[in-house]
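Input: a single structure, listed below in structure tokens.
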Amino acid sequence: MSKHVIETVTFRLMAGVSKDQFRDAAEQATAFMTAQPGFVRRRLSREENGTWVEHVEWRSMADAKAAAATIGQAESARAFIRAIDGPSIAIAHSELEVSVG
């Protein structure tokens, strides 16, 4: 049995996008995320310097990659994607070793 995969994405917002506007867009994108095969949970946080960190747990790497390949086509995720400064994005995938809570 394969381990769950944690997708960690760090990014900054486009100039002029407020925290509240982005949170609203992130909530809209939840419809896309939760409908994807293998989705387990999502957390989104913001560092003091304005960098956002998204952690998405997937049942497998294949599930994570399939969702990444189609998010750009999802109407519910468009505002979320437009709010992010593309060149600032960094994505990493890791196998979940320990989970509490």
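Based on Cβ point charges of +1 for Lys and Arg and -1 for Asp and Glu, what charge dipole magnitude is obtained for the stretch 17-71 about its Cα centre, in debye rounded to the nearest 20? Please report the intermediate quantities before stating the final value.
Working: 8 positive and 8 negative charges, 36 e Å.
Using Cβ point charges on Lys, Arg, Asp and Glu, the stretch 17-71 gives about 180 debye.
Is the stretch 3-58 best put as rounded, prolate or oblate by its Cα gyration tensor, with a ≥ b ≥ c the root eigenvalues, rounded for a/c under 1.5, and otherwise prolate when a/b is larger than b/c, oblate when not? Intermediate results must be reported in sequence, preceding the final value.
Values: a/c = 3.12, a/b = 1.58, b/c = 1.98.
It comes out oblate by the Cα gyration axes.
Please work out how much length the chain gains when fully extended from VAL17 to ARG42, using 0.36 nm per residue of separation minus the C-alpha to C-alpha distance, in nm with one decimal.
On the way: separation 25, 0.36 × 25 = 9.00 nm, distance 2.14 nm.
Extra length from VAL17 to ARG42 when fully extended: 6.9 nm.
Given a 1.4 angstrom probe, what's the average accessible area per residue across the chain, in square angstrom?
Spelled out: the 1.4 Å probe surface of the chain, per residue, equals 62 Å².
How far is helix 61-70 tilted off the main Cα axis of the chain, in degrees rounded to 10, range 0 to 90?
30
What is the gain in length, in nm to one decimal, between VAL53 and THR8 on full extension, counting 0.36 nm per residue of separation less the C-alpha to C-alpha distance?
Working: separation 45, 0.36 × 45 = 16.20 nm, distance 0.69 nm.
Residue separation times 0.36 nm, minus the Cα-Cα distance, leaves 15.5 nm.
Simple spin-label model, 7 Å along Cα-to-Cβ: SER76 to ILE89 in nm?
1.9
Can you give the charge dipole size of the chain about its Cα centre, rounded to the nearest 20 debye, using +1 on the beta carbon of Lys and Arg and -1 on the beta carbon of Asp and Glu? If you can, show how the numbers build up before the last one.
Numbers: 12 positive and 13 negative charges, 23 e Å.
It works out to roughly 120 debye.
Computing the accessible area with a 1.4 Å probe over protein heavy atoms, can you report the carbon and sulfur percentage for the chain? Each step should come with its number before you reach the end.
Working: 3330 of 6290 Å².
After summing per-atom areas, the C and S share lands at 53 percent.
Which shape class, rounded, prolate or oblate, goes with the chain when its Cα gyration tensor gives a ≥ b ≥ c as root eigenvalues, a/c under 1.5 marks rounded, and past that a/b bigger than b/c marks prolate? If you can, show how the numbers build up before the last one.
Details: a/c = 1.95, a/b = 1.46, b/c = 1.34.
Verdict is prolate for the chain.
Packing-wise, with mean Cβ within 10 Å as the measure, how do 71-77, 3-9, 45-51 rank, highest first? All intermediate terms of the calculation are to be shown ahead of the outcome.
Values: 71-77: 14.1, 3-9: 17.4, 45-51: 9.6.
Result, highest mean first: 3-9, 71-77, 45-51.
So what is the 222 nm mean residue ellipticity for the chain from helices alone, if each DSSP H run of at least 4 adds -39500 (n - 2.57) and you divide by all residues, rounding to the nearest 500 deg cm²/dmol? Write out the running numbers ahead of the final one.
Details: 3 runs with 33 residues, N = 101.
Computed ellipticity for the chain at 222 nm equals -10000 deg cm²/dmol.
Helix 19-35: angle to the longest alpha-carbon principal axis of the chain, degrees 0 to 90, nearest 10?
Approximately 30 degrees, to the nearest 10.
The values are calculated or read from the model by the stated rules, or taken from the named source; none is laboratory data. No experiment lies behind these values; they were computed from the predicted model shown. Cβ coordinates were reconstructed from backbone atoms using ideal geometry, including for glycine residues, and neighbour counts include every protein chain displayed. The protein model used for the area step is the full one, side chains on, heavy atoms only, and it has no ligands, DNA or RNA in it. Shrake-Rupley method; radii C 1.70, N 1.55, O 1.52, S 1.80 Å.
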